[in-house]
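J.: Have a look at this one before I ask anything.
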Amino acid sequence: MVELPERGFVKICGVTNVDDARAVLSSGASALGLIFAASPRQVTREQARGVVEATNGDLLRSAVFRDDESEFILDTVRDLNVEMVQIHGNLNKELLAALRASGLLIVKALDIEGDEFSTFDETLVDAVLVDGPRPGSGTAHSWERLVERHFRVPLIAAGGLSPFNVADTILVTNSWGVDCSSGVEVSPRQKDHGLVNDFVANARQAFASMEGSRAN
């Protein structure tokens, strides 16, 4: 069974090729995301396999799905050597049980403006990712609804993040981790390696600063 890392989780999502995967790895990120849902960053299984093979054992690899059939999700994660799955949309009991049996870390994505934000039982999963209503759009959103509830599992902040606002977002949300895709891109299928490095470094610095404040 894969275990979650310590607080300070940094994920670069929407990776589509080996060159970008290696850049994410060298940046010191905790994880990368492979999107199988309909998206400008959607990958085929063959493309994903190349990324997975190039990063095996070096960081967490997350398969990202949105409103996909359970059979497709399970078939994909069984075929690829990933450690984490991120589910946007329906996560029924049967799918949850099958993912648990596969030993995967399970992250449930929640729309901060949606009803599920308040009703989903987060104790069923390993972490929750709080995003805006349009995942992958690069559009920032308000974090005001976070005052409505306290999540009992790690919180990953996402939506409109970039190297320039990630530190403030960590401070505002007190999140366990952060997730970025469009904020570190040249185009939807090509990462800007300099921005990837800056995002990870700025996030790491913010997490370290918060830990230092707690120690004092």
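Nothing in this text is a laboratory measurement; each read-out follows from the coordinates by a stated rule. These numbers come from a predicted model, not from an experiment. So basically every Cβ, Gly included, is an ideal-geometry build from the backbone, and we count neighbours across all protein chains shown.
J.: Across region 19-40, which residue is surrounded by the fewest Cβ atoms within 10 Å (Cβ to Cβ) among those that are aliphatic (A, V, I, L, M) and under 14 Å from Leu59 (Cα atoms)? Explain how you work it out, then say what you get.
T.: Filtering region 19-40 for residues aliphatic (A, V, I, L, M) gives 21, 23-25, 29, 31-32, 34-35, 37-38.
Filter once more, so that each one left must be under 14 Å from Leu59 (Cα atoms): 21, 23-25, 29, 31-32, 34.
Numbers: Ala21: 25, Ala23: 22, Val24: 29, Leu25: 16, Ala29: 23, Ala31: 26, Leu32: 28, Leu34: 26.
The residue in question is Leu25.
J.: Answer yes or no as to whether Ser26 is touching a Leu at 6+ places or on another chain (Cβ under 7 Å) and closer than 23 Å to Ala158 by Cα.
T.: Working: touching a Leu at 6+ places or on another chain (Cβ under 7 Å): no; closer than 23 Å to Ala158 by Cα: yes.
It is false that Ser26 is touching a Leu at 6+ places or on another chain (Cβ under 7 Å) and closer than 23 Å to Ala158 by Cα.
J.: When you scan region 147-172, how many residues do you find that are in contact with a strand residue (DSSP E or B) (Cβ under 7 Å, 6 or more places away or on another chain) and among the hydrophobic types (A, V, I, L, M, F, W, C)?
T.: Residues in region 147-172 being in contact with a strand residue (DSSP E or B) (Cβ under 7 Å, 6 or more places away or on another chain) and among the hydrophobic types (A, V, I, L, M, F, W, C): 9 in total.
J.: Confirm whether Leu95 is touching a residue at least 24 places away in the same chain (Cβ under 8 Å), crowded, with 19+ Cβ neighbours inside 10 Å and out of contact with any helix residue (DSSP H, G or I) (no Cβ under 6 Å at 6 or more places or on another chain).
T.: On the way: touching a residue at least 24 places away in the same chain (Cβ under 8 Å): yes; crowded, with 19+ Cβ neighbours inside 10 Å: yes; out of contact with any helix residue (DSSP H, G or I) (no Cβ under 6 Å at 6 or more places or on another chain): no.
In short, no.
J.: Can you tell me how many residues within region 169-190 are of a type outside the set (A, V, I, L, M) and over 13 Å from the mean Cα position of the chain (by Cα)?
T.: Kept after step one, since they are of a type outside the set (A, V, I, L, M), are these residues of region 169-190: 169, 173-177, 179-183, 185, 187-190.
With the extra rule that they be over 13 Å from the mean Cα position of the chain (by Cα), the set shrinks to 169, 173-174, 183, 185, 187-190.
Total satisfying the criteria: 9.
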